[in-house]
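Comments concern the structure below.
The values are calculated or read from the model by the stated rules, or taken from the named source; none is laboratory data. Here the structure is a predicted model, which means the values were calculated and not measured. Heads up, the Cβs are rebuilt from the backbone with ideal geometry, glycines too, and the neighbour counts pull from every protein chain shown. Areas reflect the complete protein model, heavy atoms only, side chains present, ligands, DNA and RNA absent. Shrake-Rupley method; radii C 1.70, N 1.55, O 1.52, S 1.80 Å.
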Amino acid sequence: MIAKAPGYAAVAILSLALGIGASTAIFSVVDAVLLRPLPYPNPQAIVRVWEQAPDGRRMNFADPNFEDFRAQNTTLASLAEYAYELASVTGGSEPVRVNIAEVSAGFFKSLGVEPFRGRAFVPDEQHPHGAPAVIVSYSYWQRYLGGATDLSNVHLAMEGGIYSVIGVMPQEFDFPPGVAAWIPRELDPELPSRTAHNFQGLGRLRDGVTLAQVRANLSAIARRIRDQYGKEVDLSDAAVVPLADAMVGDVRTALLTLLGAVGLLLLVACTNVAGLLLAGTTARRRELAVRVALGAGRGRLTQQMLTESLALSSAAGILGILIATSAVRVLPAILPVDLPRQKGIAVNAAGLFFALAATVAVAVSLGLFAAWRAGSADPQDALTSGSRSYSGSGSNQRVRSFLVVGEIAATLMILVGAGLLGRSFLRLIATSPGFQQQNLITMEFPSPIPLSEGAFDQFQPQDRSSLISQQIHRLEDIANRLHAIPGVEAVGLTGAIPVAAGDDLADGNFLILNGQKPPSSYEEFNLMAQNKSQIGRAEYCVAGADYFRTMGIPLIRGRMFSDQDDVNSPHVALISQSLARQRWPNQDPIGQIIEFGNMDGNLAPLTIIGIAGDVRAAGLDFPPPGIIYVNYRQRGMTYNSSPTILIRSAAPVGGIVSAARSTFRDLAPDVPVKFSTFADEMGGWLASRRFLLLLVGLFSAVALVLAAVGIYGVVAFSVTRRTHEIGIRMALGAQRSDVLRMILTEGARMAVVGVVLGVAASLALTRLIATLLFGISATDPLTFFGVALLLSCVALLASYIPARRAMRLDPMVALRYE
């Protein structure tokens, strides 16, 4: 039967293969990221833990609060804290900048993983001034340590110290994602502040304990901390989430949106093929009637239809698996870099089972549908009637019309999703970040003279000034050499990059002194911070005088940093416009004296000298945060800052990067450096949205083509069935325009009903993607109207082709049509 109609079979197989292949590829992504268990023992028992603010905001742990949670909880077998950042590592085959994690005791126990070579940390290495030890990742061990089997003499220089390599983690271990080495958190002293939220929390449930019990237990501890310390803390509760859920975060909504869109695409493909089967059943009505007359029962007809449907679907399933396999190989090129667990994406056994299940479901559904339509016809009528009087034709036409209406509705739902995501993406990229990102190069490297945590407590004032002066001298020497490169317009220094830094920008409470004497210690700072009217909250950014000019951040009022602002002069600061509005809405902040020493260990007060324009430091879809800029020539690059040089280029970026790399290598041949452009940084940040938009847009285009084919098929079938009627109408005086209007009306009627049903369904479902949108609502009327208009135009165009053929019929030929 397939060989008799190869064109019909090819269209059906290709339509189903596209749907099965696309859905299998997306399922493979969903399976790897969302469904597959984490590669740890009893992974459902591993949880992320946060402090929670009164407004529901989740916060990392402050050291004293973490110790209280660890000591007082009765539901967790272990609780650990960790943090990670980019750092320079030397001692391997080459110096590199990689992510280093500080982890407390209980971290590896919470995950249930031990090094596959060497050992884990011991108590002698987990206290202040303990023996510096490091555990490295499998990939770092292979690439930079040559897979050394004897680790006893392997040492790495990082974090201002020399660390002995004591272990290597298993190849599949990757937590936190992308980390190359782990060091004991306890080597650094704890910060006494209960509002310095620096560390993430990780725990493992005790056997037999539920998640609800853990939440209740930790909430009770949070309330006790709140009651005991009052204004010294800013937490009111604790939040607990399974680690698997915490890792995927907002990605879950995006992937489920893709899965829903590809499911609709498969539905559209099946509906299209159902229309083809219906046409085939109509064409075979005499054959089916003869089979029934010869004794074939409904069960025999159903068996035949299922067999034919299974043959089509099996061919489509095999082709779909090939499409899915190819798509999964291409996906890494467009997947967001920060998509968790993407290394496990493959068409594995689960993906093959999904493809098989989809193939069987499609085969059974289509086969039963064809059998139902074949069994609903009257055999006697089919054997004695001509084509134009066949009683089943009108019924089949109505069913095909219903199928097309459903196809249009499903297509509209995908198009609305793509339209909303597309308009949201356009709004996002049109949003100004607050600076000029064109021709801007970033250059990250380790501080030439590190000022580690606690440095200001360990040195006398004159020694502190000497350290900062040495650091400033080295950084400015690098900046001046870079400025001399032909094509460089400006060079600025900073401790964090807007947008690229995202949520990693350090933030905390600052004091508004209001004429009071600055605190002389952290204890005094915390006492003064209990007066809520005297504190504000802002992000902390170290910057040089040329930073704002290089970035193109405007000065709103006041003045910028100058050469007179050095380590020995009164310390000054600029604030962002949003902070000025938030904290000093009815007064002039310029001249205010503040204290922000809890961020960098320097308790010298800061005088606000100017207001800078806002930047969207956490991302384009977040409002500009309040930022306090301090002068690196006064405060230095401390543990909260990583030196970054920004280069504004007037020449091609590639040549500037090559020259800058060569210049830096001459100054510091053994220091790793990372170059990138803001175009790269913004592209990486937008990658997840671009990925979602690309795939949903692709599914929309395929669905739109299938819908157009479906509408064309129904209208063409109707024209063929009504050829005799059209001939009579034209013989009785109907004009060609009347015939055109009649046929277009039929297509328009299906389009209108499908659009109305699709809009109603979309209004209910698009709310699920509201968190993925920026600048528009999930019920954006312009998007709905535009999509409805587009689909209506496509429907009319698909109807016009057979309508044009109908209006050109010769009445005499049409009257003889049987």
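Values computed for the structure shown
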read-out: For region 724-778, the fraction of alpha-carbon pairs in successive 10 Å shells from zero, as %; value: 20, 26, 19, 15, 12, 8, 0
read-out: Helical mean residue ellipticity (222 nm; -39500 (n - 2.57) per DSSP H run of 4+; nearest 500) of the chain; value: -16000 deg cm²/dmol
read-out: Rg ratio (alpha-carbon, reference 2.2 N^0.38 Å) - region 622-690; value: 1.42
read-out: For the chain, accessible area per residue (1.4 Å probe, heavy atoms of protein chains only), Å²; value: 43
read-out: Loop chymotrypsin sites (Phe, Trp or Tyr not before Pro), region 144-206 (other Cβ atoms within 10 Å of the site Cβ: 15 or fewer; DSSP); value: none
read-out: Cα-based Rg of the chain normalised by 2.2 N^0.38 Å, two decimals; value: 1.21
read-out: Cα-based Lys pair tally, the chain, threshold under 27 Å, eight or more apart or on separate chains; value: 5
read-out: Qualifying trypsin sites (Lys or Arg not before Pro) in region 523-579, DSSP loop, other Cβ atoms within 10 Å at most 16; value: ARG559
read-out: Inter-label distance for HIS129 and ILE2, nm, one decimal - labels placed 7 Å from Cα along Cα-to-Cβ; value: 7.9
read-out: Extension gain, SER466 back to LYS532 (0.36 nm per residue minus Cα-Cα distance, nm); value: 20.2 nm
read-out: Alpha carbon convex hull of region 682-761, projected area averaged over orientations, nm²; value: 7.6
read-out: Solvent-accessible area, 1.4 Å probe, carbon plus sulfur percent, for region 53-201; value: 48
read-out: Net length gained if the chain between ILE162 and SER520 were fully extended (0.36 nm per residue, minus Cα distance); value: 125.6 nm
read-out: Highest to lowest packing among 572-583, 511-522, scored as the average C-beta count within 10 Å; value: 572-583, 511-522
read-out: For peptides 112-122, 358-368, sequence by mean Cβ density within 10 Å, most packed first; value: 358-368, 112-122
read-out: For region 691-812: relative contact order, % (alpha-carbon pairs under 8 angstrom, 6 or more apart); value: 48
read-out: Normalised contact order of the chain, rounded percent, pairs of Cα under 8 Å and 6 or more residues apart; value: 16
read-out: Against the rule of thumb 2.2 N^0.38 Å, how large the Cα Rg of region 216-273 comes out; value: 2.12
read-out: Backbone N under 15 Å from the ARG223 label point (7 Å along Cα→Cβ), restricted to region 233-247; value: 236-239
